[in-house]
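Below is a structure I'd like to ask you about.
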Amino acid sequence: MTRLAPALRALAAAAVTLLAVTAAPTAAQAKPEPKAPGEFVSLRSVDPTIIQEMRYTTAHNFVGVPVDGYRQPVCILTRPAAKALHEAQTRLLRRGYSLKVYDCYRPQRAVDHFVRWAQDLDDEAMKAEFYPSVDKSRLFADGYIAEKSGHSRGSTVDLTLVRLPAQATRPYVPGERLAPCHAPKAERFPDNSVDMGTGYDCFDTLSHTEDPRVQGVQRANRQLLKGVLGELGFVNLAEEWWHFTYKPEPFPDTYFDFPVAHRSVAGH
């Protein structure tokens, strides 16, 4: 046993060395998750009354699965954009409405997920609802999908109006029968928002804010949303009635990739 001791010690030392060499690359590769700059905040910390229905944390979106980078259903925005939404909400509450956000800051990894999905022409699981009249091969050419999004700069938000008192919106059940996003409101997926003429994320020209085919109450609802937000510095994207960017943007040229999660803005 005495003569075996040196050999056992040598074996033990070799094992420790091997473990250290094996573990070193793993430790080096484990980069810390990026966090948001201090200019970003959770919208709920600025205005807890704004309704949040963060679609990309769920399977109820045009991809059909939760989107990369959306860890928790939290709306994150630059502080000026969040404060402007708070002022818009104050004005709308007096008129019996509330804002409801569908998407806010969007990490670049989520945009990359959209691009991969758009390139897979065989995946049309959600076509019947979100792009019933558009060939998927046209999504890039028609501008519905792009490799960069203003959402990743932190001052762009997708939102709508809800008439108060707000009714509950039932959860989407994956695999359920889908209805076209441009169908009459009573036939579309039930949403507690007012009728804007199409559902959210509807890839169709009817989603253009000023489309002349959209008239009456639907047009009035779009104009109310655009008018209130426009007075506070938000610019609407003409092709999407729900899409607004606060100007001037604090980060007009930076596309962030921190995850959508409470920890990304913890302490801000």
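Under the condition of being among the aromatic types (Phe, Trp, Tyr) and farther than 29 Å from LEU43 by Cα, which residue from the range 118-147 is surrounded by the fewest Cβ atoms within 10 Å (Cβ to Cβ)?
Across the range 118-147, the extreme among qualifying residues is PHE140.
For ARG44, work out the one condition from (1) under 19 Å from VAL162 (Cβ atoms); (2) in contact (Cβ under 8 Å) with a residue 40 or more places away in the chain; (3) not polar (S, T, N, Q) it doesn't fulfil.
In the conditions (1) under 19 Å from VAL162 (Cβ atoms); (2) in contact (Cβ under 8 Å) with a residue 40 or more places away in the chain; (3) not polar (S, T, N, Q), ARG44 misses (2) alone.
Would you please list the contacts, defined by Cβ atoms under 6 Å and residues six or more apart or on different chains, that run from a residue in the range 93-108 that is at pLDDT 95 or above to a residue that is aromatic (Phe, Trp, Tyr) and surrounded by fewer than 18 Cβ atoms within 10 Å (Cβ to Cβ)?
GLN108/TYR255
A further question on this structure: Would you mind telling me which numbered condition in (1) at pLDDT below 95; (2) closer than 20 Å to ASP68 by Cβ ARG170 fails?
(2)
Conditions first: (1) of a type outside the set (Phe, Trp, Tyr); (2) in contact (Cβ under 8 Å) with a residue 40 or more places away in the chain; (3) more than 15 Å from HIS151 (Cα to Cα). PRO252 passes all but one, so which condition is the exception?
Single failed check for PRO252: (3).
On the basis of being more than 13 Å from the chain's Cα centre (by Cα) and either in the same structural domain as LEU229 (by TED's automatic domain parsing) or under 29 Å from PRO34 (Cα atoms) (or both), does GLY64 make the cut?
Details: more than 13 Å from the chain's Cα centre (by Cα): yes; either in the same structural domain as LEU229 (by TED's automatic domain parsing) or under 29 Å from PRO34 (Cα atoms) (or both): yes.
So GLY64 fits the description; yes.
The values are calculated or read from the model by the stated rules, or taken from the named source; none is laboratory data. Predicted model only: the values in this text are computed from it and were never measured. When we count neighbours, we look across all protein chains shown, and the Cβ atoms used for this are built from the backbone with ideal geometry, even at glycine.
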